[in-house]
Amino acid sequence: MDPRDYIDFGEHYDNNFEHLNLDDMPNNENNLTSNDVEQPMHANMPLESNTQEENIDQTEVKKRKKTSEVWKHFKVCDQKLDDETILPKAVCIYCKHALTCKTTNGTGHLHRHFNACLKKNGHNHARQSQLSANTGISSFKYSQAKMRVELARFIACAELPFRFAENRCFERFVQVALQPEFKKVSRNTNRSDVVKLYDEEKKKLINVFSNLKGSIAVTSDMWDGGNNLPFICITAHYIDENWLLQKRIIAFRLLEFPHTGSSIFHAMMNVFKEYNITHKIFSITFDNASNNSSAIEQFKHVLHPPYGGNFFHMRCVCHIINLMVQDGLKVIQTQLQLIRDAIGYISSSSSRQQDFAHLCMSHGLKPIKLKKDIRIRWNSTYHMLKSCKCYTNVINFYYNNKMNDNLLRDEEWNVCFALVDFFKVFYDATCNCSGVYYPTSPIALHDLFSINATFAKYRFDTTCNFTNICEQMETKYKKYWTEIPYTFCFGAIMDPRIKVSGLEVILTEISRNLSISLPLTISNIQKTFNDTYLLYEKKYSVGTIATQSAPTVHLFGSSSSSSAAIFGMLASKGKQKSVISSRTEVFKYLDTEFVEFMTEEERNNFNILDWWKAHEKNFHVLSIMARDVLTTPVSTVASESAFSAGGRVLDEKRTRLTPQICEALMCLKDWEDADFRTQSFVDEDLSYFEDDSTSSLNEVC
């Protein structure tokens, strides 16, 4: 017989004796023996009194402890029926339903109620003990609704398909190992949860922007997805109240044809209006496409960029470096193509890879899997050549034995390896200018100095045709950077180790290395810097700037390695010179020799955001100006890096995702990465070529 078929006599008696007066019932049930039989009593029947029992101290009467587990889910409360009658009831702590709790009723009805209540609202009742760092053991309440929210977040951030939420194996894993009350979620429900979560997180981000003290810098780029649809990615950069540089993708949207400047302008303006940041845009960083330049002109007419628009349009440094290097690679195209042919021949067949692995071992080398580069990505070519540096002899031996013509010789390798050393400064500059969590505007000028110094070093080297290579690359350099952007100059001035005097030294060296006269002179930069400060002072001054005390020096420490040569030159030029005559914050900043209080280690491990955070009270207006200048990124890599994730989200199995769902997934992933500070630039080509062995080759070995 099913236990549920048993009759609960407690409830039976309750239903059949409700007419009885509760005052007539015996109140000494705790003193009954096993032979006592509880009898109903008439209201007029006299009660026997026991004087000796009445004199017993009530504190000595011990009530029987409730041992059933069901009492963890019920609370005994007195229910007042009339002026004199009070009846104890067992109240469910979840649904607040009151049941009888007489000692003669047992607990069967309580068990049945709890099981029914658990099935009906299980997500509100399941509790689990967990350790808390502050309070020791605390109670965890499982919530199905909260689980769905976090599952949607996990699906988006882990780049998983929506059907993962209804996977039976995943459901069993959670139920067995984590939470028995877990119920799988359908892919349609999970998709709806992702959209709902995106809308909620978007509102939070809009609120962050509305309370932001500083300005917002924007980067944007375009990408053709796996479904052959063009997407535009828009990324916002800002420095928060703790002086931490933040990055958020605010749009990943389909851009309809034609991709004119007007289309880009309207698409981005719609996003700015959605987030209510049209009045906060400080700069926009694009690549060098003509439609982007056209869009910038329209932005200037509508947004009226502040401070004369000197900082509004930033051309992507990494894109210009790519154009320069591609021009240099064209000079050695013949030698480079022979190496590509050899690597392609060996890597195109598993049997050849196996033979090549045995050949490497016979020469005492670790077997590697040769990989071809991607021609449109010069850093891929750079890593390909570096990966072959110890294997030139075995590559020549294997390839030349299979070929009758177009033999690979040491001369080709020598030219390409010399170019690898030459290109290292360009690769380092690309990595430096692709940073996410540190300002790139102060170090951009350092990298430009390193690049033109490299031109000066190799310009007259005829051994590997460097004369022609430098000529081609310098032409591209001068096209874009003869007039150095104000953002680079102001970023250098905001570095207390450089300031105006240091900037003058750098510009002089660049002019000498390139043998040209720079149109942007130090006097023009000084005047523009002072005029810009006066605009900030007019807007943000609190009336106490001129009477502030001298700044207190605080030291912090990270800078690019290209700064070492610059600091060496500055040390030989003597002390900094102030260029502003009035007693303003600018005068105090330029006139104080902060570098004298720094050790060499502190100069090399310098953190400019921490420095300005420590000196914010001393330079009220100038720190606001520094916050805006340091926010501007000098490359669009932050937007381009989203395309790698976009390729994983829109793979060949998920090309039917709508653009709205795709945007929700991309933004949620980026915002979650921002919370963990894991948005840093990663050179995927480096990871690709560093993986120099495979499981198949290991089996051969």
If I filter the range 484-504 for residues that are under 30 Å from L419 (Cβ atoms) and over 33 Å from the mean Cα position of the chain (by Cα), do I get at least one hit? no
I'm told S515 meets every condition in (1) at negative phi; (2) surrounded by fewer than 22 Cβ atoms within 10 Å (Cβ to Cβ) except one. Can you identify the failing condition by its number? (1)
Of the residues in the range 592-619, those that are more than 30 Å from the chain's Cα centre (by Cα) and either of a type in the set (G, A, S) or not in a loop (DSSP other than H, G, I, E, B) (or both) come to F594, V595, E596, F597, E600
Members of the range 452-496 that are among the hydrophobic types (A, V, I, L, M, F, W, C), under 29 Å from D610 (Cβ atoms) and crowded, with 22+ Cβ neighbours inside 10 Å: F488, C489, F490, A492, I493, M494
Regarding the range 284-294, can at least one residue be identified that is at pLDDT below 95 and either open to solvent by 60 Å² or more (accessible area, probe 1.4 Å) or among the basic types (K, R) (or both)? yes
The range 591-619 residues that are of a type in the set (D, E), paired with ones that are modelled with pLDDT of 95 or more and crowded, with 16+ Cβ neighbours inside 10 Å (beta carbon under 8 Å, 6 or more apart): D610/W243; E616/W243; E616/S623
Take the residues in the range 382-425 that are in contact with a Phe, Trp or Tyr (Cβ under 7 Å, 6 or more places away or on another chain) and either assigned to a loop (DSSP other than H, G, I, E, B) or outside the structural domain of S362 (by the TED database) (or both); name whichever of them is nearest to M324 (Cα to Cα). K389
Among residues of the range 273-283 being open to solvent by 50 Å² or more (accessible area, probe 1.4 Å) and assigned to a loop (DSSP other than H, G, I, E, B), the residue nearest to I216 (Cα to Cα) is H279
Sort out which residues of the range 459-498 are in contact with a Lys or Arg (Cβ under 8 Å, 6 or more places away or on another chain) and among the hydroxyl-bearing types (S, T, Y), and write them in order of number. T467, Y480
Residue count for the range 392-424, restricted to those that are open to solvent by less than 30 Å² (accessible area, probe 1.4 Å) and closer than 30 Å to K247 by Cβ: 1
Can you name the residue in the range 573-591 that is closer than 12 Å to S501 by Cα and in a helix (DSSP H, G or I) and is also modelled with the lowest pLDDT among such residues? K573
Identity of the residue in the range 593-628, open to solvent by less than 60 Å² (accessible area, probe 1.4 Å) and of a type in the set (V, I, T), that ends up modelled with the lowest pLDDT: V595
Which residues, counting only those in the range 426-446, are open to solvent by less than 10 Å² (accessible area, probe 1.4 Å) and assigned to a helix (DSSP H, G or I)? F426, A429, S441, P442, A444, L445, H446
List the number of the failed condition for Q335; all other conditions in (1) under 29 Å from V682 (Cα atoms); (2) touching a helix residue (DSSP H, G or I) at 6+ places or on another chain (Cβ under 8 Å); (3) assigned to a helix (DSSP H, G or I); (4) open to solvent by 10 Å² or more (accessible area, probe 1.4 Å) hold. (1)
Just one of I506, I510, I469 is touching a Gly at 6+ places or on another chain (Cβ under 8 Å) and not acidic (D, E); which is it? I469
Do you know which residues across the range 171-195 are under 23 Å from K119 (Cβ atoms) and outside any loop (DSSP other than H, G, I, E, B)? E171, R172, F173, V174, Q175, V176, A177, T189
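The values are calculated or read from the model by the stated rules, or taken from the named source; none is laboratory data. Worth saying up front: this structure is predicted, and the values here are computed from it rather than measured. Ideal geometry is used to build each Cβ from the backbone, glycine not excepted, and the neighbour counts take in all protein chains shown. For the accessible areas, the whole protein counts, side chains as well, though only heavy atoms, and no ligand, DNA or RNA atoms are used. Shrake-Rupley method; radii C 1.70, N 1.55, O 1.52, S 1.80 Å.
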